[in-house]
Amino acid sequence: MIRLKNLERSYPLSHGKFFYVLRDIDIEVAEGEFVSVMGPSGAGKSTLLHILGMHDHGWQGEYFFNDIAVHHLKAKERAALRNEQIGFVFQQYHLLDDLTVYENLDIPLSYRKVGRSERAGLVADALDRFQIVGKKDLYPRQLSGGQQQLVGVARAIIANPKLILADEPTGNLHSSQGEEIMELFQKLNSEGTTIIQVTHSAKNAEYGNRIIQLRDGWVVEPNRK
Amino acid sequence: MPGDIRFAFRNLAKSPGFTIIAIATLALAIGANGAVFSLINALLIRPLPYQEPSRIALIWEQFATQGLERIPCSPPEYLDLEKQFQSGTGLAAFNYQAFNLGGGDVPERVSGAVVTSSLFPLLGVEPIKGRTFAREEQGEGHDDVIVISERLWKRRFNADSMLVGKTLLLNGRSYTVIGVMPAKFEFPIPLFGVQGNQFAERVDIWKPVAFTKNELEERGSRSYGMITRLRPGVSLSQAQAELDKIISNWKQTYKDNYSGGGFGAKIYLLHDQVAGGMRTGLAILLGAVVFVLLIACANLATMLLARASARERELAIRVALGAGRWRLLRQMLTESVLLSLVGAGFGIFLSVWGLELLKQIGSRTIPRLAEVNVDLVVLIVTAVVAVGTGILFGMIPAFATAKPELTEALKEGGRSSTTGARRNQVRNSLVVAELALALVLLVGAGLLLKSYARVQNIDPGFDRRNILTAEVDLAETKYPQRGSDNYNRGAAMTNFWNEALRRVRQLPGVEAAAFTIVLPLSGSNTDSSFSIEGAPMRPNEPGPDEELRIITSDYFRVLKTPLLRGRFFTEGDNADAPGVVIVNDALARKYWRNEDPLGKRITFSDPRKPDPKWLTIVGIMRGIRHRALDVDPAPEYYLPLSQRAQSSMILAVRSKQDPRSLSSAVRREIQSIDPDQPIANVRTLEAVTADSVAPRRMSMVLLGAFAGIALLLASVGIYGVISYLVVQRTHEIGVRMALGAQRADVLWLVVGHAAKLVGIGSAIGLLLALMSTRTLSALLYNVGAFDTATFILVTTALVAVALLASYIPALRATRADPMIALSHNT
């Protein structure tokens, strides 16, 4: 599904020098895999995830997504591909504070120009599937951290993406809430969704079937199981 | 879209402080625009209340070489033109006439007009009751019918449905009411500077003309305006060409009447005549409110930019969730347009209130002000302006933030410094623009204020304090003219004037009293031509025609105008005494530059004929500024009322105390002579003088108000920018203080930044002001459009206010605790 070749991300410094966040990244992720990206702080994990999610365009190298050469696409084309194929789960949940749970789930569908009645159906299904029907009219500030992340995951998958990218999805949760989220990810993966997560937690990494280790911007162990 | 609207409401409700300030700012700016547009709509755009008003035209005569323009015609000229002028489908004549309406508890002076029967059909407005004049009713002895206005019908007669057919007592004579004209009908429309009437009152009674034998014989006695409707397919220039040909024929036929002076006639579209004088003033006002609106937009844009920074995370999430740039723009513009529409709603209320206030204070300044209202057109335009404004001020922050840096915004604690710097530049530019625009308005207001002050300080040539004035119009039936001799007519009239003066002079507190035919600075004027004894009369060369005043003997004592040489009129200058005249210094200089005018003689008769009636110059007065305070005294000459009886005069009474306290007493004394005799337009001479500068004052007040609003908005703008700067640089300020910076250093850091913005804004504003103040030249008196003192003073004031506005947040910055500031997570 994903192939990165010689991918690099750097920031310019003064006197013509560059600071490299990612260097010579060569990795492949097959469809249906559950991959965990691990490494110390500053290793470039989140940057890698944002590149995979096509949020970050300032990189060089090759990126193939389902054999589509992303590196040749314009920003608008990448955004369209991202909307179609990828869902993102953030560490800080990043729910929209002034929208209700229902509206937070509805908004990605609205951005994808899904019709109103179809959106209503999909949102209702998501609320039901994640058992948060009773919370549909609440605002994020009225939910616990775990419930917010649950909504975050629901929002990420509501448009039925092929790939979910999760950046420290349990970083702000208690262990029990974290387990719930990881089990949910495992279930989604078993249903065919490819998942790539960034995590510091070895326990969370065990839910996946492969670990990629990053250190100082380099891949040190691409296929650790 | 409904989602965007819902979200916008929620977002605004979350920040009530910002929302209230934004709505108030918009209400003020859009309301001001609504009020000014209402003026423009009613006075310039809306058609006049007649059928096909664009085809209606006025015809005025002129003596070009004498500088006399837009003068009325005489009855013989009208009757000739009625037969000869083919370019119009009809021709009508009209003249103002006041009526003493009797029959009630208190007699009332009502403004009226005498009109030919062709007028109402020409204008194409039907009465709401009864009919208008038939041709047979036009003429002496048949003209005892009147049409009244709906306004008078309701006010005075309680909308009596049986009034048509009843008789009213006007000027001591019975007239049958035959019709009532609708409220929207108005004719003649107050016209600037025509027939000397700066501003005539609204007419409530129309009577058919009844040209007297005298009027029909005097081709040179001009007092009637003429109006026509252009025939379909006839252009104004074609009508003018025909008029020129007719006038040329008159000059051949009536050589004596048109031998000199460059006599001609000109046709003007009625709308141009009514609206033309107001275009410049209204254009300046419109420019001013547009500036205010732009400043408000800039203010709101800077506020929204600050809010957008706080919304960066939300916008990044939306983009990460799939929102395209247009969706984000739409969402942000929905919010700004919503603010604008709500602001406009409140602004309409402000417009209505402002217009009501203007109607109260400006009724003697702006004609047809009663017609100005907030109608559907104004509402539609205001709505469009609101939407446009919302898009305008929402666009800059929307475009600045609709492309958020996703990775930085979505990371924990992430913040983009590069986009923040760009937004700061935009904010700074907006504040500079606000300051520049505010300076332009302030300079304009400053120039008008200085001009007004200069006008106020002009010596008008008389002492306007403590003088009460009142108009007295005697009814012809009670005070008839005797014979056709202009010099000795109306003994009853003369007795009335004498008795009125005698009684008024005896009132406690009265220092002096006199009658005059026109008051200085009242907008009214009379003039007449004359011949000078011994001066050669050359064919095709105009004879003297100067401003004429008819007065009683104490007039100059009432006004305290100094006598330069000779004497005032005395009681001895009566109808049986030799004719006398007093001239002013300007007239003396013009016609007797190298001679002593005292003892010289003039006449209104033809000096070549036997026994002309000579008038001897017995006194020379200092000139009075009659037309306007900012116009030098014109040549004038004065005749005693006793030798030139008039039926309409103005009483002027100098009092030792507040002259208004004499009002009731004067009315009582007049009515003790004749209980049916009303007095009208009772006001002090100070009020008359104040009214004469009312247009100038109005322009100054309005432009000053808008400039004040602009200054307030610009100050709020710079306060906001500097406050935001202080918040942004809290960490930096903390570090500086920890490293040893003193209070003054921090102040300088913050105020210095403000000073840079103020400096740039002032420089741009000065340039813009230099380019635009030329448009004010027509409104300025004795002040140049580039008056250095005004420019410097106003710029200094703006700089001071702006720096003060920035000083407050700067002071706050100096009070920051370095340790708290250092721990501030920016």
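The values are calculated or read from the model by the stated rules, or taken from the named source; none is laboratory data. What you see is a predicted model, and the numbers here were worked out from it, not measured in a lab. Here the Cβ is made from the backbone with ideal geometry for all residues, glycine too, and neighbour counts use every protein chain on show. Protein only, heavy atoms only, side chains kept; ligands, DNA and RNA dropped before computing areas. Shrake-Rupley method; radii C 1.70, N 1.55, O 1.52, S 1.80 Å.
Test of understanding: among A:GLY121, A:GLY145, which residue is more than 13 Å from chain B (Cβ to nearest Cβ) and out of contact with any His (no Cβ under 9 Å at 6 or more places or on another chain)?
A:GLY121
I want to confirm something. Restricting to segment B:680-697 and keeping residues that are hydrophobic (A, V, I, L, M, F, W, C) and open to solvent by less than 40 Å² (accessible area, probe 1.4 Å), which single residue is nearest to B:TRP497 (Cα to Cα)?
Among those residues, the one meeting the criterion is B:ALA680.
Got a sec? Which of A:GLY32, A:GLY61, A:GLY44 is under 18 Å from the mean Cα position of the chain (by Cα) and closer than 30 Å to B:ARG325 by Cβ?
One residue alone meets the criteria, A:GLY44.
Show the residue pairs meeting these rules: Cβ distance below 8 Å; 6+ apart or different chains; first residue within segment A:16-33 and farther than 17 Å from A:LYS162 by Cβ and free of Cβ contacts under 8 Å to residues at least 40 places away in the same chain; second residue assigned to a strand (DSSP E or B) and open to solvent by less than 70 Å² (accessible area, probe 1.4 Å).
A:PHE18/A:SER10; A:PHE19/A:SER10
I'm trying to understand the selection: among the residues of segment A:72-96, which are free of Cβ contacts under 8 Å to residues at least 24 places away in the same chain and crowded, with 17+ Cβ neighbours inside 10 Å?
Hit for segment A:72-96 is A:LEU73, nothing else.
When segment B:663-705 is examined, which residues are found to be in a loop (DSSP other than H, G, I, E, B), modelled with pLDDT under 90 and among the aliphatic types (A, V, I, L, M)?
B:VAL693
Looking at this structure, is B:SER74 among the small types (Gly, Ala, Ser), within 14 Å of another protein chain (Cβ to nearest Cβ) and either crowded, with 21+ Cβ neighbours inside 10 Å or more than 24 Å from B:MET278 (Cα to Cα) (or both)?
no
Could you check how many residues of segment B:305-327 are open to solvent by less than 20 Å² (accessible area, probe 1.4 Å), out of contact with any Ser or Thr (no Cβ under 6 Å at 6 or more places or on another chain) and more than 14 Å from every other protein chain (Cβ to nearest Cβ)?
Number of matching residues: 1.
If you take the residues of segment A:44-69 that are in contact (Cβ under 8 Å) with a residue 40 or more places away in the chain and among the aliphatic types (A, V, I, L, M), which of them is surrounded by the fewest Cβ atoms within 10 Å (Cβ to Cβ)?
Top of the filtered list is A:LEU49.
Taking the residues in segment B:328-344 that are away from chain A (no Cβ under 12 Å) and polar (S, T, N, Q) as candidates, determine which candidate is farthest from A:LYS113 (Cα to Cα).
The qualifying residue farthest from A:LYS113 (Cα to Cα) is B:SER340.
Suppose we filter B:ILE23, B:ILE30 for residues that are at pLDDT 90 or above, in a helix (DSSP H, G or I), over 26 Å from the mean Cα position of the chain (by Cα) and more than 14 Å from chain A (Cβ to nearest Cβ); which single one remains?
B:ILE23
Of A:GLU28, A:GLU33, which residue is modelled with pLDDT of 85 or more and open to solvent by 70 Å² or more (accessible area, probe 1.4 Å)?
A:GLU28
Which ones in segment A:88-101 are more than 9 Å from every other protein chain (Cβ to nearest Cβ) and either out of contact with any helix residue (DSSP H, G or I) (no Cβ under 8 Å at 6 or more places or on another chain) or closer than 20 Å to B:ARG325 by Cα (or both)?
A:THR100
So which strands (runs of 3 or more DSSP E) are wholly in segment B:516-620 and hold at least 2 residues that are crowded, with 20+ Cβ neighbours inside 10 Å and within 41 Å of the chain's Cα centre (by Cα)?
Once the strands (runs of 3 or more DSSP E) in segment B:516-620 are filtered for at least 2 residues that are crowded, with 20+ Cβ neighbours inside 10 Å and within 41 Å of the chain's Cα centre (by Cα), what remains is B:545-551, B:579-584.
Sort through A:SER190, A:SER175 and tell me the only one that's open to solvent by 70 Å² or more (accessible area, probe 1.4 Å) and at pLDDT 90 or above.
A:SER190
Restricting attention to segment A:55-87, and to residues there that are of a type in the set (A, V, I, L, M) and closer than 26 Å to A:GLY192 by Cα, which single residue is farthest from the other protein chains (Cβ to nearest Cβ)?
Checked segment A:55-87; the qualifying residue farthest from the other protein chains (Cβ to nearest Cβ) is A:ALA69.
Which numbered condition in (1) modelled with pLDDT of 90 or more; (2) more than 14 Å from every other protein chain (Cβ to nearest Cβ) is the only one that B:ILE5 fails?
Unmet for B:ILE5, out of (1) modelled with pLDDT of 90 or more; (2) more than 14 Å from every other protein chain (Cβ to nearest Cβ): (2).
Which of the residues that make up segment B:206-225 are assigned to a strand (DSSP E or B) and either surrounded by fewer than 21 Cβ atoms within 10 Å (Cβ to Cβ) or modelled with pLDDT under 95 (or both)?
Selection gives B:TYR224, B:GLY225.
Examine segment B:380-399 for a residue that is under 31 Å from the mean Cα position of the chain (by Cα), surrounded by fewer than 22 Cβ atoms within 10 Å (Cβ to Cβ), more than 14 Å from chain A (Cβ to nearest Cβ) and among the aromatic types (Phe, Trp, Tyr), and state whether such a residue exists.
no
Could you give me the residue pairs with C-beta distances under 6 Å whose first residue belongs to segment B:655-679 and is loosely packed, with under 15 Cβ neighbours inside 10 Å, whose second residue is in a loop (DSSP other than H, G, I, E, B) wherever it lies, and which are 6+ apart or on separate chains?
Qualifying pairs under 6 Å: B:LYS656/B:GLY509; B:GLN657/B:GLY509.
Is it fair to say A:VAL123 is crowded, with 20+ Cβ neighbours inside 10 Å and not polar (S, T, N, Q)?
Yes: the conditions hold for A:VAL123.
For segment B:644-657, which residues satisfy the criterion of being at pLDDT 95 or above and of a type in the set (D, E, K, R)?
The one that is at pLDDT 95 or above and of a type in the set (D, E, K, R): B:ARG654.
Which condition does B:ALA98 not pass, out of (1) in a loop (DSSP other than H, G, I, E, B); (2) open to solvent by 10 Å² or more (accessible area, probe 1.4 Å); (3) closer than 15 Å to B:LEU170 by Cβ, if it passes all the others?
Of everything listed in (1) in a loop (DSSP other than H, G, I, E, B); (2) open to solvent by 10 Å² or more (accessible area, probe 1.4 Å); (3) closer than 15 Å to B:LEU170 by Cβ, B:ALA98 misses just condition (1).
Collect the residues in segment B:162-190 that are open to solvent by 60 Å² or more (accessible area, probe 1.4 Å) and part of a loop (DSSP other than H, G, I, E, B), keeping them in residue-number order.
Within segment B:162-190, B:MET162, B:LYS166, B:LYS184 meet the criteria.
Residues to consider are A:GLU118, A:GLU77; find the one that is farther than 20 Å from A:LEU165 by Cβ and acidic (Asp, Glu).
A:GLU118
Taking the conditions exactly as written (open to solvent by less than 20 Å² (accessible area, probe 1.4 Å) and within 17 Å of B:PHE393 (Cα to Cα)), does B:SER336 satisfy them or not?
Taking the combined requirement at face value, the residue satisfies it.
For segment B:210-233: of the residues being of a type in the set (D, E, K, R) and closer than 16 Å to B:ALA265 by Cβ, which is nearest to the chain's Cα centre (by Cα)?
Here the residue is B:ARG222.
Picking from B:ALA93, B:ALA64, which residue would you name as being in contact with a helix residue (DSSP H, G or I) (Cβ under 6 Å, 6 or more places away or on another chain) and on the phi < 0 side of the Ramachandran plot?
Of B:ALA93, B:ALA64, the one residue that is in contact with a helix residue (DSSP H, G or I) (Cβ under 6 Å, 6 or more places away or on another chain) and on the phi < 0 side of the Ramachandran plot is B:ALA93.
Take the conditions within 30 Å of B:ALA298 (Cβ to Cβ) and surrounded by fewer than 19 Cβ atoms within 10 Å (Cβ to Cβ) and apply them to B:GLN728. Does it pass?
yes
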